[in-house]
Each structure stands twice: as C-alpha cells, then as structure tokens.
Amino acid sequence: MKIIPCPSSPLLARRIAEVAGLEMGNVTFKKFPDGELYVRVEDCSEGIIVGSICSNDDLVAITLLLDAVENAKVVVPYMGYARQDRAFKDGEAVSIRVVAEILERRAEEVITVNIHSKQAASHFKKLKDLDAMPTIGKHFAGRDVIMISPDKGSVERVKVAAEHANCEWDYLEKTRIDATTVEIAPKSLDVENRDVIIVDDIISTGGTMVEAAKKLYELGARSVSAACVHAVLANYAAIKLFNSGIRDILATDTIECAFSRVSVAKLIAENI
Ligand code: R5P
C-alpha cells in the first residue's frame, strides 16, 4: 500500500506517509496542450490517494487516479462541493451527491476531515469523517485564551477544541442576510481584556470571521485571532481578516497554505 499524492496535497500526503510508515507512490501529472490532465502511477496496484478538492482540476485528478490505481482508498482532506448538499432551488444539481458517486464508484473507502454538514455526509455510503478540532485545540493548550464560535452551528466543534485547549468557550449568534452579508448579535460574553480565538470549520470569504472579530473588539477583547480547519480564504479573505484587526490565522493542512501550522497527518494516518 502506497500513498499517492495529488497536486492539491503533496505535503500532507508526504506527512501521512511518514507517520503511517508507508512509501510514496511515484505519480506523474501532465497537462496536454488543450488543458486535459494526464496521470500515470508507476507500479501501484494498491494505494491511498490523498488530495483535497479545492478546484475542478483537483476533482479530475482524483477521478483519473481512481482509474489508474486498482485497489484504492481515497483521502479528501478538504471535501469541496459539499456546500451544495441539497437542491436549494428546483433544477439544481446536488453537487456533493455527484462527487460521492464518483469517489465511491471506485474507492474502497473515502476519508475526509470535518465535512461541511451531516447532510453532505449523508450522500456517502463509505465515508469516514474525521474531526480536526482536537488537533486545533491542542495547539492552544496552556494559553490563557477564550475560544469563541462565530455562530450556534459551530458550538459543538468549539467545545471540542476548547476541551483540548483546556480553556473557556462561548458563541455568538449569527444571522445571514444574504450570500455575502452576515450580521452578528452579541451573546453574553465577557471578553474584555481577553485574548480571543474565533474557531470555525472553514474560512471561505472571511465574512463570518470579520463580523465576529468586529463584535469581539466592540466588546473589549484585547486581541482576536482566527483558527479553522479549512483555510479556503477566497477573494483576498486573509487581507480582509487582517484589515479587521485579526492578529493571526491558524489553519490545518487540509488546504496547504501559509497558515497551515498544524497538521492533520497523524489524525489521518491513524484512520487509514
Ligand atoms: C458555516 O456554516 C461555516 O461554519 C462557516 O462559518 C462559513 O462557511 C464561513 O464562511 P465565510 O468565511 O464565507 O463567512
């Protein structure tokens, strides 16, 4: 059994191989002049494909690898397309259902980390959904911080992170006005002169974090930082976060970027 890295997750794949004591497969990716992707895996009848789905190309890479590797498991640390977990309007495709079908048609098992929703997970038959919140929590262990969920939906996640950090936690109430506007009403928080970490599963446009940070500074927080599993950081979100006064962004390596300062390699290696 070898670890087969996808272009989206080369470092995480390498780390998983090291922790699990597995070899890396030798894989070649090429683009034809018309943009089509080509993959070749040398000498690999059994493999664990590791690749986040952050783009359409990432999905194509995994799909082709599932054909090249005879007996494959697939690890998708960040499962893209999961927000479209139902038809919100008549005629819409349920994107994650299609992705689940593609992956499960050939993979023996699908492993992911903090998929967007239970509804998204429900479209899979052989999915293992791992929780990176303990990993994030441990990073802050021993620090005098308060962890805040930016909304009620993330409360359970923040609770787990705070347990592992051994710190206090609370939440803000969020109202989404439309796709790009989020309003946050205060809960009874005592964050005055405290260092606060806003913890969420994903930072996408950054709107949720920015609104939460503004509210926390209004309430007298000394510093506000952000922590998440998946740093999508679309549309210059990191800049927006720093402009709002957020001091730091901590993310896992489900999406490899400059903010990936904790790794989910051990979590995944223990579950493959
Ligand atoms: C909501 O369901 C999630 O937990 C995140 O709060 C949300 O996806 C973050 O999105 P954005 O960064 O675009 O506000």
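Results for (1) in contact (Cβ under 8 Å) with a residue 40 or more places away in the chain; (2) touching a His at 6+ places or on another chain (Cβ under 6 Å); (3) of a type in the set (S, T, N, Q); (4) within 16 Å of the ligand (Cβ to nearest atom), shown as yes or no for each residue.
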position	(1), (2), (3), (4)
LEU64	no, no, no, no
VAL76	no, no, no, no
GLY80	no, no, no, yes
PHE88	no, no, no, yes
ILE96	no, yes, no, yes
GLU101	no, no, no, no
ARG105	no, no, no, no
VAL113	yes, no, no, yes
ASP151	yes, no, no, yes
Exercise for review: State whether one or more residues within the stretch 31-44 are within 12 Å of ILE272 (Cβ to Cβ) and not in a loop (DSSP other than H, G, I, E, B).
Suggested key: no
Review point. Within the stretch 255-267, is even one residue within 16 Å of the ligand (Cβ to nearest atom), open to solvent by 20 Å² or more (accessible area, probe 1.4 Å) and over 17 Å from the mean Cα position of the chain (by Cα)?
Key: no
Practice item. Could you list, in sequence order, all residues of the stretch 190-202 that are open to solvent by less than 30 Å² (accessible area, probe 1.4 Å) and either assigned to a helix (DSSP H, G or I) or within 16 Å of GLU168 (Cα to Cα) (or both)? Key: VAL191, VAL196, ILE197, ILE198, VAL199, ASP200
Exercise for review: Please give the number of the condition TYR78 fails out of (1) farther than 20 Å from SER122 by Cβ; (2) open to solvent by 20 Å² or more (accessible area, probe 1.4 Å); (3) in contact with a strand residue (DSSP E or B) (Cβ under 8 Å, 6 or more places away or on another chain); (4) part of a loop (DSSP other than H, G, I, E, B).
Suggested key: (1)
Check your understanding: Can we say LEU172 is buried (at least 19 other Cβ atoms within 10 Å of the Cβ), over 17 Å from ALA221 (Cβ atoms) and of a type outside the set (Gly, Ala, Ser)?
Key -> no
Exercise for review: Filter the stretch 175-187 down to residues that are assigned to a strand (DSSP E or B) and open to solvent by 40 Å² or more (accessible area, probe 1.4 Å) and give me whichever is modelled with the lowest pLDDT.
Suggested key: ALA185
Point to revise | Flag if GLY47 is within 14 Å of the chain's Cα centre (by Cα) and open to solvent by less than 40 Å² (accessible area, probe 1.4 Å) | key: no
Exercise for review: Quickly run through the stretch 203-253 and pick out the residues that are surrounded by fewer than 22 Cβ atoms within 10 Å (Cβ to Cβ) and within 10 Å of the ligand (Cβ to nearest atom).
Suggested key: SER204, THR205, GLY207, GLU211, VAL232, ALA234, ASN235, ALA237, LYS240
Practice item. List the number of the failed condition for ALA161; all other conditions in (1) within 16 Å of the ligand (Cβ to nearest atom); (2) of a type outside the set (Lys, Arg); (3) open to solvent by 40 Å² or more (accessible area, probe 1.4 Å) hold. Key: (3)
Exercise for review: Could you check, for the stretch 242-250, whether at least one of its residues is assigned to a strand (DSSP E or B) and at pLDDT 95 or above?
Suggested key: yes
Review point. What pairs come up if the first residue lies in the stretch 203-220 and is under 18 Å from ASN235 (Cβ atoms) and without any contact (Cβ under 8 Å) to a residue 40 or more places away in the chain, the second is near the ligand (Cβ under 8 Å from one of its atoms) and open to solvent by 20 Å² or more (accessible area, probe 1.4 Å), and their beta carbons are under 6 Å apart, counting only those six or more places apart or on different chains?
Key: SER204/VAL232; SER204/ALA234; THR205/ALA234
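The values are calculated or read from the model by the stated rules, or taken from the named source; none is laboratory data. Here the structure is a predicted model, which is why all the values come from computation and not from measurement. All Cβ positions, even for glycine, are placed from backbone atoms using ideal geometry, and neighbour counts span all protein chains on display. Areas reflect the complete protein model, heavy atoms only, side chains present, ligands, DNA and RNA absent. Shrake-Rupley method; radii C 1.70, N 1.55, O 1.52, S 1.80 Å.
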